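Peer 1: First the structure, then my questions, so here it is.
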Amino acid sequence: MNSIKSILILLGILIVGVNQVGCNGSTVGSKTLAASVYYPTALSGDNVIPMSVGACGVDGYANEPCISVTICTPGTSNCQTIDNILVDTGSYGLKIFKSLISVPLTQVDMGNGYGLASCTGYLDGSGHWGQVVKADVKLGNLSTATNNPSGISIVTLDSKYSNASGCSSSPDKDPSEAGFNGIIGVGSFVEDCSVGYAGANGCTLTATRKYWKCTAVSCSMTTVAAADQIANPVAKMPTGYDNGLVLKLPSVSSTGAGAAYGYMILGIGTDAYNSPTGVTVFPVENDATFVTRFNNRDYEYAFIDSGTNFNGFPRVGGNPALCSGSTDFFCPATETTITATMKSGSVTQAVSFKVGNMITLASATPYSMVYSNIAFNTADMGETGSPSDADVPFDWGLPFFLGRSVYVGIKGTSATINGQTVSGPHWAF
């Protein structure tokens, strides 16, 4: 999960607040929900999972992509399906709030009375805490149990579980605060600790703030074997469906939509609907990033992230205009076209997107829960706070996925793309 994600979730909740979403997701007073849009082709198959955007329950927020996930006690048919799980291509592994789980799951034992815990912290001081447990994970009609009979590691989120310091001062307490029932991280790596290390899994070598061994009263950072680290469930699916996935979403008009319905499909090159041709393939770095060139500057911390609900880029030279009283969102007088160039090795691709007036869009009637053209300012998120910093984030968020089929190739696997064998990690669209 990218470190700015929780900030964007909070901003997304503000959008919902402006729109006064009712408990039934339809109307409040005179406010009426805009029409929904659907992927133009109905798809089905064992590896096809329906996905919604902007329709993730009463605590959901704008541009939030969700699916349902089934978890089981390893090796049994004792299972539970949980909906409103955020689909996040910017993180790794399944995390579900413990209060929602009714099936028995066993915590990873670290010996001497210690159990394994996981910590994810964000720039605004929020984060996620939880026990690392073993479970079978089912997506569509496929299960991680096929190749992992003892289960894979997932996290049961519980802000009260650990009193360890050094991670997050205010972890999300419950689904209402988070805006979802859980997160499924389906990025381009197998475990969260394989990100950022060339040819090595960092958490097997060094104790970091990602993993902790805890008793009922204390916790300390720990190394952890790769087999016990939080795993990308897609990478643990049956052979042939474990090399990646594709997200398919419909286009949305400039005024938005009440909801958008599409698909998350497991595997690349297994069926007609996940075999890409005529797409651009972008290899990614060991930290899952690439370069985006914008306003004659190279921003090295660029990423594609379905879990960030809007596009984010640095405001340079006073454009686009910011919303009145805000340094966060853009509010140009008229819709503006932004063009930036993605770069990875010798591969370049210019991509254009629209930026509209956030206040106008969010206060419109009928109101929308899916937007292609709301964006936020990342100019002060670099090391020095200058928009010229190379490490200022360029976040290709959920709007990037609208109207596209976006493929995520997993490290250590290969797939046939454009008639050629391509090794992960990579993006293709």
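Throughout, read-outs are computed from the coordinates displayed, never taken from laboratory work. The structure presented is a predicted model; accordingly, all values stated were derived computationally and were not measured. Neighbour counts run over all protein chains shown; Cβ positions are idealised from the backbone, glycine included.
Peer 1: Per residue of the chain, what 222 nm ellipticity follows from adding -39500 (n - 2.57) for every DSSP H run with n ≥ 4, rounded to the nearest 500?
Peer 2: Numbers: 4 runs with 28 residues, N = 429.
That calculation yields -1500 deg cm²/dmol at 222 nm.
Peer 1: From the residues LEU94, GLY262, VAL155, which one has its Cα farthest along the dipole of the chain in the positive direction, the dipole being from +1 and -1 charges on Cβ of Lys/Arg and Asp/Glu about the Cα centre?
Peer 2: It is GLY262.
Peer 1: Which one of LEU100, LEU247, LEU86 has the biggest mean-square fluctuation once the chain is modelled by GNM with Cα springs under 10 Å?
Peer 2: Maximum fluctuation in the GNM of the chain, among the listed residues, is at LEU100.
Peer 1: Then there's this: Compute the FRET efficiency between SER218 and SER414 as 1/(1 + (r/R0)^6), taking r as their Cβ-Cβ distance and R0 = 45 Å, and round to the nearest 0.05.
Peer 2: 0.50
Peer 1: With axes computed from alpha carbons, what is the tilt in degrees of helix 5-19 against the longest principal axis of the chain, rounded to the nearest 10 within 0 to 90?
Peer 2: Taking Cα atoms only, the helix is inclined about 50 degrees.
Peer 1: Comparing LEU43, LEU322, LEU249, which has the greatest mean-square fluctuation in the GNM of the chain with Cα pairs linked when under 10 Å apart?
Peer 2: Highest fluctuation of the listed residues: LEU43.
Peer 1: Could I ask something else about it? Any idea what the relative contact order of the chain is, in percent, if you count C-alpha pairs under 8 Å spaced at least 6 apart?
Peer 2: Relative contact order of the chain: 19 percent.
Peer 1: If you stretched the chain out fully between THR280 and THR106, how much longer would it get, using 0.36 nm times the residue separation minus the C-alpha to C-alpha distance? Show your work: numbers first, answer last.
Peer 2: On the way: separation 174, 0.36 × 174 = 62.64 nm, distance 4.25 nm.
Extra length from THR280 to THR106 when fully extended: 58.4 nm.
Peer 1: Return the label of the correct value of volume of the Cα convex hull per residue in Å³, as calculated from the structure shown, out of (i) 184; (ii) 146; (iii) 138.
Peer 2: (iii)
Peer 1: Report the charge-dipole magnitude of the chain in Debye, nearest 20, computed about the Cα centre from +1 at each Lys and Arg Cβ and -1 at each Asp and Glu Cβ.
Peer 2: Numbers: 20 positive and 29 negative charges, 63 e Å.
Taking the Cα centre of the chain as origin, the dipole is about 300 debye.
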